[in-house]
1. Amide H of A:I5: which non-local residues (sequence gap of 5 or more, or other chain) have their own amide H closer than 5 Å, using H built in the peptide plane?
2. Is there a simple number for the mean count of other chain Cβ atoms within 10 Å of the Cβ of residues in A:88-101, and what is it?
3. Let me know the number of lysine pairs in segment B:63-237 closer than 16 Å at the Cα, not counting same-chain pairs under 8 apart.
4. Evaluate E = 1/(1 + (r/R0)^6) for B:N253 and B:K385, where r is the Cβ-Cβ distance and R0 equals 60 Å; express this FRET efficiency to the nearest 0.05.
5. B:S94 versus A:L17, label points 7 Å from Cα toward the beta carbon: distance in nm?
6. Any aspartates and glutamates with Cα under 13 Å of the B:K14 Cα? List them, leaving off those in the same chain fewer than 8 positions away.
7. List the trypsin sites (Lys or Arg not before Pro) in segment A:64-144 that DSSP assigns to loop (not H, G, I, E or B) and whose Cβ has at most 15 other Cβ atoms within 10 Å. Which are they?
8. Please work out the ratio of the alpha-carbon Rg of segment B:189-316 to 2.2 N^0.38 Å and round it to two decimals.
Amino acid sequence: MKECIIKAEKLTKTYKLPAEKILAVREIDLDIYDGDFIAIMGPSGSGKTTLLDSIGCLTTISEGKLFILGKDVSRAKESTLVTIRRRFISFVFQDFLLIPSLTALENVLLPLHFARLPQEQRKAVEVLKRVGLGHRVNHLPSQLSGGEKQRVSIARALVISPKLLLADEPTGNLDTKNSQEIFDIFKQLNEQDGLTIVVATHNSKLGSLAKRMIIIQDGRIIPREKSIL
Amino acid sequence: MKALSVAYKNLKRKKIRTVLTIVGVGVAVAVLVSLFGFDAGYQRSLNNDIDKLGYHILVTAKGCPYEAATLMLKGGGGLRYMEDDVYKRILNDSRIDKIAPQLVASVYNQEGQGGRGAFALYMGIEKTYLYLKPWSEFKSGGWFSGPDSDEAIMGYEAAEVEQRLVGDQIFVPGINKVLTVKGIFQRTGTQDDGIIFIPLSTAQNIFELPGKLTGIGIKLKNIQDMAQFEEDLYNVPGIQVISLAQVRGTILNLVGSARAMANSIALIAIFIAIISVTNTILMSVFERTREIGVMKALGASAADIFKIIWMETILICIFGGIFGVAVAMFGSSAVEYIIRQTLPYAPTGKLVLIKPALLALSFLATVVMGLIAGTYPALRASLMKPVEAIRSGE
């Protein structure tokens, strides 16, 4: 039986603004198993990013329960969430968000530094080669194309050998060709390495690659047949 | 990849801003080093000057103590005179080890300093003057041939400036007197180097001050007798007694206000440097809010972020410290020149004394300054919530 990496029970996240409260995601039940490739789809503002942030321990949840590898982290302290982010969960963002002053290699080494893991340059170069950037290791982000930046961002996420990769609109800023390359990398990582991937995307082609698709609308998961997509 | 490397590379991103901040810190450090260097150098030079006077007490005609202190150290002219009866009266006091009467006069020489005009300082002395200063040596020539001979012994610099040798004749302007150079002293590093010495009787004659003195230098056999000796002399009318301790205090009082002002400037410079560093780093933190959020998403703890930002501040302060120390070391001559122009009395010798301990201390102070300046920006960055930081620019 496959290990349940993430289990969300009635997960709710509320943002408090000065004038109102915004229910970004509400009462979401979700199980993510080892080796899953899940696409979270939905219109803008539907709660995809908030759901990713919540299960990625980037923010605390307001109500409900969240279990990571069987451990209840619903009310966990920031230090516990930091440990989870260091060792188990990695992120890929739409805007790549590389550190501009660091080379591709240094960007990839950074999570190892934060995780207090040995900063093996060989390993970092390997993951860069894996995403097809073996020849760009010493380039700064400003010297890379959008597609290359996103591949560095994926290498940066892979270097700690995470249990779960969360990608928020990873092809949102890329052209069709580069998007296709990112799709291929994700597919390979899931199929060959068994990496668990959850992608929030508008891109139906990327969504169709996933083993499971979740539609989210107004902060709730809805059956596919009811979706407007 | 180390936190230090991340911090350093980030500073390189905004080179001009970083360099300007480093220069700001450097200026503050340079001011600090120069100020403390001046404090140490001035006191050392003053003590040195006073020790080289060779006497414990100076007796002068009643008048301004500041003026008297100047006379003691600079041999200044235009002063009050006392009768040499005073000298005769105290000459045989058993507590006195050595005693030397002096008559100082300054003469304006239109030809001096290459035609720009300058005051030449003449001092009438007796051989006892040399007993007070056993380190005085003749470079050439020797002592006067008689107590009222028309001869002069020139200080080292006076002879250099006038380009005189033993046997040459010097003309005393204004009083139309010609003196023969009988000797030239070796350099002493004191005000004596610039004085032209003549026999006391000759001085009293040519300056038309018979029986007059400007001062009497006294060295006691036992320094413990000083207080009682001074007290005894207070009863002698028309004179004042100035001890070395008083002179030291008087001079330090004179420069006290200058030191207080310099202290305030140093404090202001340091305060401005701290604010400037805090501002620079805070600006940099705000600009990198998303990056900080990403680093947190990648597993950085609040302490990791704090460390990176703090290191940026400390790096700025270390570079600023190195720059400031270099400026202070290489600029000490300029500082010394300015001090000499502004202070009422500047002793001979190096006025700005920069020792390794002072450099180390200033450097340490700079690092502490960095720690203080970086605390708020580092705290601000470390407390950012990852989601809010990442989404801040969207």
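No lab work stands behind these numbers, since they all come straight from the coordinates. Owing to the predicted nature of the structure, the values given are computational and were not obtained by experimental measurement. As a convention, Cβ positions derive from the backbone with ideal geometry for all residues, glycine included, and neighbour counts pool all protein chains shown.
1. A:I32, A:Y33, A:D34
2. Numbers: counts 1, 2, 3, 5, 0, 5, 1, 5, 1, 9, 2, 10, 5, 12.
If you average over the peptide's residues, the count of other-chain Cβ atoms is 4.
3. 14
4. Numbers: r = 59 Å, r/R0 = 0.98.
Calculated value: 0.55.
5. 10.3
6. Straight-distance partners of B:K14: B:E287, B:E312.
7. On the way: sites: A:K65, A:K71, A:R75, A:K77, A:R85, A:R86, A:R87, A:R116, A:R122, A:K123, A:K129, A:R130, A:R136; in loops: A:R75, A:K77, A:R116, A:R136.
Counting only loop positions with at most 15 other Cβ atoms within 10 Å, the trypsin sites (Lys or Arg not before Pro) in segment A:64-144 are A:R75, A:K77, A:R116.
8. Values: Rg = 32.3 Å, N = 128, 2.2 N^0.38 = 13.9 Å.
For segment B:189-316, the normalised Cα radius of gyration comes out at 2.32.
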